Amino acid sequence: MAPANMPAIETAGLVKVYKGGVRALDGITFQMSPGELFGLLGPNGAGKTTAIRILATLLVMTEGSARVAGLDVSSKPREVRERLGLAMQTPSLDAFSTGRETLELAGRLHRMPSASIKRRADELLELMGLASVAKKLTGTYSGGMKRRLDLASALMHCPEVLILDEPTEGLDPQSRVALWDELERISRTGTTMLLTTHYMEEADRLCTRLAIIDNGQIVVEGRPDELKRSIGADTVVLQLAPDQRAAATQRLGDGNGGRSDGDGPTGAIERGPSADGQVVEVRRLLEGIVAADAVAAHPGGVTLSVPNAGTAVPDLLRRLESDGLRVSGLQMRQPSLDDVFLKYTGRRIREEAADQPILLGW
Ligand SMILES: Nc1ncnc2c1ncn2[C@@H]1O[C@H](COP(=O)(O)OP(=O)(O)OP(=O)(O)O)[C@@H](O)[C@H]1O
Ligand SMILES: [Mg+2]
């Protein structure tokens, strides 16, 4: 066991340039304490798998250094492998082995004594809810069951550090939530965990601390609540009644430079000029209470970025409605990790993938 005060994982200036010149990691530095559940959150191609493969001694870094459980991954790869459990982005299970055989093989690869292998396999099959299918071929398992079995394989030798690359990618929402429960339970037993994900909700729910990674660099790091608080404002989505949107556009077209580029009145309401018109109109009405750059276009209305929205909203509505703008709907939400990503990168992480189940075949 690494001493309690030693980082469970630490990297310094990790750089990876693949053959062909892709700079997948561009100086990644982070530290994880024992017992932490740390996340690397980033969009496709950010460099997450590259970082994981280096830490798991499957890939050689170009520059920098990395230690797992206090051991240098370059000079002590065998010792590092003994101390970590790894579940990769795509589970590589033998479709013609049963669940139990898969776990027993993992135990033998880690040179565990036979009696421990049997005991540990029974324990993990039970814990992962796989006892009833232990004798079935893994090829017949659902995507969620394959992920749970892969996780059980990684846990066979009771590793000090568990590294998971996109543990729930491709799962339907229900299986994803079930796996989150499982990961939280494992974390509560004191196992140090590093996971990568591009699902913000996953990082938010599971990670005690996370680093947002983009283009091979860490853009910001902290606890999820701390990162969200750093946004300093809630988001208010205002739906504007259609006639009012038309009126706003019309007023702008009449007086202060709204676009009139031949789209005709109907087109102007439906497309860009209308959205711009609403934003300009709302900015004008809320001048002095809400900063101009806190108002942005939104389908059917506008969004406002407002500190303490719960208290501020009644005033804002009075101001808007006193000038004849009719608000037909209102939604408030606290900042998400997506807002954090936007703040630091100027882009949004694509979230829609999280809502679309991808069925894993075999
Ligand atoms: N073997 C390789 N050879 C060359 N380039 C690679 C190789 N593997 C990855 N890359 C490139 O390195 C960058 C980082 O890839 P990586 O797989 O680490 O990203 P990721 O964050 O895991 O993405 P995803 O969310 O899609 O899994 C990408 O531009 C990718 O195309
Ligand atoms: Mg990846």
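Approximating the spin labels as points 7 Å out from Cα along Cα→Cβ, the residue 140-to-residue 29 distance works out to 5.4 nm.
Estimated purely from DSSP H runs of n ≥ 4, each contributing -39500 (n - 2.57), the mean residue ellipticity at 222 nm for the chain is -11500 deg cm²/dmol once divided by its residues. Residues within the reach of a label modelled at residue 97 (point 7 angstrom out along Cα to beta-carbon, backbone nitrogen below 17 Å), restricted to segment 36-64: there are none.
Relative to one another, the C-alpha centroids of segment 306-337 and segment 58-91 are positioned 50 Å apart.
What FRET efficiency would be calculated for the residue pair residue 344, residue 184, taking the C-beta separation as r and a Förster radius of 25 Å, to the nearest 0.05? FRET efficiency, residue 344 to residue 184: 0.40. Since only 132, 17, 109 are under comparison, the one whose Cα sits farthest along the positive direction of the charge dipole of segment 9-229, derived from C-beta charges on Lys, Arg, Asp and Glu, is 109. Computed from the Cβ-Cβ distance with R0 of 51 Å, the FRET efficiency linking residue 5 to residue 292 stands at 0.55. Given their separation in residues at 0.36 nm each and the Cα-Cα distance between them, residue 326 and residue 118 gain 68.0 nm when the chain is fully extended. To put it simply, the accessible area of the chain at a 1.4 Å probe is 51 percent carbon and sulfur. Give me the tail of P(r) for segment 15-81 as a percent: Cα-Cα pairs with distance above 21 Å. In whole percent, the share of Cα-Cα pairs in segment 15-81 beyond 21 Å is 23.
Would you mind giving the three semi-axes, in whole Å and largest first, of the ellipsoid equivalent to the chain according to its Cα gyration tensor? Display every interim value, and only then the final one.
On the way: eigenvalues 488, 102, 67 Å².
For the chain, the semi-axes come out at 49, 23, 18 Å.
A 1.4 Å probe run over the chain, with the rest of the protein chains in place, finds 49 Å² accessible per residue. The number of Lys pairs in segment 9-229 with C-alpha atoms less than 20 Å apart, excluding pairs fewer than 8 positions apart on the same chain, is 8. Simple point charges give the picture: +1 on the Cβ of Lys and Arg, -1 on the Cβ of Asp and Glu, and for segment 9-229 a dipole about the Cα centre of about 580 debye.
What's the Cα-based Rg to Rh of segment 122-206, Rh via Kirkwood? List each step's numbers first, then the result.
Values: Rg = 12.5 Å, Rh = 13.3 Å.
When Rh is taken as the Kirkwood radius, the ratio is 0.94.
The values are calculated or read from the model by the stated rules, or taken from the named source; none is laboratory data. Being a predicted model, the structure only gives us computed values, none of them experimental. Don't worry about glycine lacking a Cβ; one is built from the backbone with ideal geometry, like all the others, and counts go over all protein chains shown. Quick note on the areas: whole protein, heavy atoms, side chains included, nothing else; ligands and nucleic acids left out. Shrake-Rupley method; radii C 1.70, N 1.55, O 1.52, S 1.80 Å.
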